[in-house]
Each structure stands twice: as structure tokens, then as C-alpha cells.
Amino acid sequence: MGDSEAPGAVPDVFDPRIYAAGIPHDRFRTLRDHHPVVRQEEREILGWPAGPGFWAVTRHADVVRVLKDAEGFSSHLGATQIRDPDPADLPFIRRMMLNQDPPHHGRLRRLVSRAFTPRRIDRFAATARARARELLTTARESGEDEIDLVKAVTDDYALLNLTDILGVPAADRGLLHTWTERVIAYQDPDEPPVLDAGGRPVNPRSPAMLAEMFGYAQELAAHKRAHPADDIMTVLAGTELQDAELEMFFFLLTVAGNDTVRSAAPGGLLALAEHPSQQRMLWAGDVGTDTAVDELLRWHPPVLSFRRTATRATELAGVPIAAGDKVVVFHASANHDERVFADPRRLDLARTPNPHVSFGDGPHVCLGAHFARLQLRVLYEEVRAVLPGLAPAGPPRRLVSNFINGIKSLPLRLEPCAPRA
């Protein structure tokens, strides 16, 4: 599972186990330089059945083209995961805004954008800051030489922020964590799959696996109609969303809203720990936090890839694509494309411009990007204020996934940065 392949071979970037060692930058560079749009096999892995294969898109310009061209590359036809869903589940999965194309996608996005207003998000900043400071102070005062900042800080920070802005009662927060793990970590051996009667893994996005979450969403919406508050579920419960649409929005906000920050935050802290000179710049105030947030997102995108389906015969980077073909864009590769980013393997917290695609592009650009950036900015500012500095204390444990760039454990030492050489 190393970050290399035999000379002349087309590197495999499908196998989820590859990503347990980090983003396979050498493989992606080989693809960008020699095979920017290339077929990838979908072998049977980790109990999941083989698939028909797909086109891997790795250069920044081609990734952006696919993401912006919803007419040519559909989110609706085959949904947005690499693995094909069960045909019986596809109509259900297509209810989600993420798996729709314009104009239907635009209608749903406009409804939800009423809740995700910058004013509401900005009001939340003080709550997020107090939470970050409390979690970090507790970690610092634990007396431990080494601290797992995922368990001590970032998991709770992301989840509690999400449940606050959604309006989920404190007693129910554990449910959201369980549902998120079931969906996000389904490829990881630490999250054993649910099997059907034939011993095959059940898609965590199938109706059977989401029934509990959807029932809860309807109960919460009914409660918000009777007891409105300043939160997103109160807004959604008062719109013309149909029951099925509201359920899918709750699913999307619960999973994507939690895991975007949950994945990005430890990745950013790890990058700072591994690059003490950049960490010193941030601690000294020599670089703006907003600029640093974008560079850390470029370096460690929360999402590795997204799938589209070609609606018609076309060409991409000179490669003919047939109607119905799966096309998978790799954000993690586009963010390191030498054609766009000077010296992309160098962490540069002052990098500008920084046209990373960590939040996507086109009509499906992340609806909660402003909320995510705010949380990350506040967290990094509080890390700088509360902790003396960060240094690696051992290798991180990463999620086995070709979709989410997750970190399950991040052992760090809290110590001042090494002095300048």
C-alpha cells in the first residue's frame, strides 16, 4: 500500500486502504502528469462488491470543469459516491440536494440558504470561541505529556457546534455522532459493516439504515414548530419542504455539517505541528488567520473525491467519455496541481491567491463553507491563545476511506515551537 507504483503503470487511487497512510501525492502527481483522465478499476475490497470502473480526474482545471458543468456531469443519475448504489435505493438517494441537478437542486438550496445566513452563522462565533477555549484549556491542564487532540478537542468541537446551530438537544448529541460514524466510516475496519441476510454489506445511505435518523428528524421538526428557536431546524420546519426533503436535509446537515470540520480541524493542526516555521508565523501573528485557514484546507481537504455521471458523450483532457460513464474528481489531487499552485508540496500559510477546491465548485459548492471557515478560524485562534505550540508525538491514525480525509487519532505534544535555526 505504498505511495508508488511500478514504472509506467497507472497508479491505483481507488482502494480506500491507500488513504490510511495519507493522501497518495506521488500517485496523484503521476496521474496529473501522464494520465490526467484515466480509467480506474473498482475491485472487490473490504467486502464491498466490484464495480464497473470509473474515470479518475486529477488536474485542477478538469476537476473545476466537471464540478461546474452540471448539464454534462450529473449528480442525479448515479448520485455522488464512487460505489454505485443499489438500483432499488437510487430513487431514495436522489431526494438529497447533494444528489440533484439544476433546476431542482437550486430550489432546495434556496430554501436551506434561508437558514444558513451569514448573520446567523456570525452570531454563533462567540459560542464557538468559548467552546474551543474550554476544550483546549482542559486539554492543556490535563497534565499529560501527550494529548490526542481528536479525542480531547476536535471531535467534540465539531459535533457540539453543529448540534447548537441545528437546535438538537444536548441529550441527543450522541445520536448524531453514531449516525455520522455509520455513514462516514463505512469503509473502515474499525466500523464493522451491517450485513444483509446474504452476508453482503448494507449501504449506510439506504432507507433501512437511515430510518432511525429520519424518524428523529420528523420528531425534532414537530418540536421546533411548537417551540421555535433561533436555529436551523426551526427555519427548515417552517418552510414548504416536504417530509422526505426535510429528512434528507437533516441527514445532509448532520453528516456533512459535522464531518467537514471534524476532518479539516485535526488535519490543520497536524500540518502546523509538522511545519514549525509556519506554526511560528501563525503564533507570532505574521500571517492572517483567514489566509492560513484556506491554506490548511488546501493541504488537508475534508473530502477526497466526488462522483458525477456523464450525461452525454464528451471529451475531457482529450479523453473520450461515453454517456453514462462514472467520472470521479479528486479534490486532494487538484489542490496540489503544479499548474495552479506554485510549489504545492510546501505549506505556505500566506499563500494567495489560493483557488483550492476543498469546498467544491459550481452549483454544488459547499452550502456551509462560511460556517466551516468560521469554526476553523476560531479554533486556530484559540489554539494559538491557549497552547504554547504543537509538536508530533506519534503518527496519526487515519480513516480508511477514499471519500473522507479523516483523522481518528492525533497524538501531539504541547510545547513551544523550536527556535529559528
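The values are calculated or read from the model by the stated rules, or taken from the named source; none is laboratory data. Predicted model, so just to flag it, every value in this text is computed and none were measured. In this analysis, Cβ positions are derived from the backbone assuming ideal geometry, glycine residues included, and neighbour counts consider all displayed protein chains. The area values use the complete protein model at the heavy-atom level, side chains included, leaving out ligands, DNA and RNA. Shrake-Rupley method; radii C 1.70, N 1.55, O 1.52, S 1.80 Å.
Return a yes/no flag: does the stretch 144-155 have any residue that is in a loop (DSSP other than H, G, I, E, B), touching a strand residue (DSSP E or B) at 6+ places or on another chain (Cβ under 8 Å) and either of a type in the set (Asp, Glu) or modelled with pLDDT under 95 (or both).
Yes; the residues of the stretch 144-155 include at least one that is in a loop (DSSP other than H, G, I, E, B), touching a strand residue (DSSP E or B) at 6+ places or on another chain (Cβ under 8 Å) and either of a type in the set (Asp, Glu) or modelled with pLDDT under 95 (or both).
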Output the number of residues of the stretch 106-140 satisfying the condition of being of a type in the set (D, E, K, R) and modelled with pLDDT of 90 or more. 5
Out of all the residues in the stretch 85-100, which are out of contact with any Ser or Thr (no Cβ under 6 Å at 6 or more places or on another chain), assigned to a loop (DSSP other than H, G, I, E, B) and in contact (Cβ under 8 Å) with a residue 40 or more places away in the chain? Pro85, Asp86, Arg95, Met96
Can you pull out every residue in the stretch 322-366 that is crowded, with 20+ Cβ neighbours inside 10 Å, of a type in the set (A, V, I, L, M, F, W, C) and either at pLDDT below 95 or not in a helix (DSSP H, G or I) (or both)? Val327, Val328, Val329, Phe330, Phe341, Leu347, Leu349, Val357, Phe359
Go through the stretch 124-143 and give me each residue that's among the hydrophobic types (A, V, I, L, M, F, W, C) and assigned to a helix (DSSP H, G or I). Ala125, Ala126, Ala128, Ala130, Ala132, Leu135, Leu136, Ala139
Could you list, ordered by first residue, the pairs with Cβ atoms under 6 Å in which the first is in the stretch 371-384 and under 15 Å from Leu414 (Cβ atoms) and the second is among the charged types (D, E, K, R) and open to solvent by 10 Å² or more (accessible area, probe 1.4 Å), at least 6 apart or interchain? Glu382/Arg133
Filter pass, Ser401 being assigned to a loop (DSSP other than H, G, I, E, B), small (Gly, Ala, Ser), under 27 Å from Phe124 (Cβ atoms) and in contact (Cβ under 8 Å) with a residue 24 or more places away in the chain: no
Looking at the stretch 30-68 only, could you name the residues that are touching a residue at least 24 places away in the same chain (Cβ under 8 Å), open to solvent by 50 Å² or more (accessible area, probe 1.4 Å) and touching a strand residue (DSSP E or B) at 6+ places or on another chain (Cβ under 6 Å)? Arg39, Glu41
It is to be established whether one or more residues within the stretch 201-224 are touching a residue at least 12 places away in the same chain (Cβ under 8 Å) and among the β-branched types (Val, Ile, Thr). no
Please give the number of the condition Gly394 fails out of (1) on the phi > 0 side of the Ramachandran plot; (2) crowded, with 23+ Cβ neighbours inside 10 Å. (2)
On the given criteria, is Ala273 assigned to a helix (DSSP H, G or I), open to solvent by 30 Å² or more (accessible area, probe 1.4 Å), aliphatic (A, V, I, L, M) and within 30 Å of Gly394 (Cα to Cα)? no
Would you mind stating whether Pro302 is within 30 Å of Asp84 (Cβ to Cβ), at pLDDT 95 or above and open to solvent by 40 Å² or more (accessible area, probe 1.4 Å)? no
Give Ala265, Ala171 a once-over and let me know the one that is assigned to a helix (DSSP H, G or I) and more than 23 Å from Arg377 (Cβ to Cβ). Ala171
Check Pro201, Pro192, Pro207 and return the single one that is touching a Phe, Trp or Tyr at 6+ places or on another chain (Cβ under 7 Å), open to solvent by 50 Å² or more (accessible area, probe 1.4 Å) and farther than 27 Å from Phe124 by Cα. Pro207
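Condition check: open to solvent by 10 Å² or more (accessible area, probe 1.4 Å) and either of a type in the set (S, T, N, Q) or over 30 Å from Tyr380 (Cα atoms) (or both). Does Ala217 satisfy that? Quick ask: steps written out before the conclusion?
Details: open to solvent by 10 Å² or more (accessible area, probe 1.4 Å): no; either of a type in the set (S, T, N, Q) or over 30 Å from Tyr380 (Cα atoms) (or both): yes.
Answer is no for this residue.
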Looking only at the stretch 101-119, and only at residues there that are open to solvent by less than 30 Å² (accessible area, probe 1.4 Å) and outside any loop (DSSP other than H, G, I, E, B), the one that is nearest to Thr163 (Cα to Cα): Val112
Every residue in the stretch 121-157 that is under 24 Å from Gly368 (Cα atoms), touching a residue at least 60 places away in the same chain (Cβ under 8 Å), open to solvent by less than 40 Å² (accessible area, probe 1.4 Å) and not hydrophobic (A, V, I, L, M, F, W, C), please. Thr154, Asp155, Tyr157
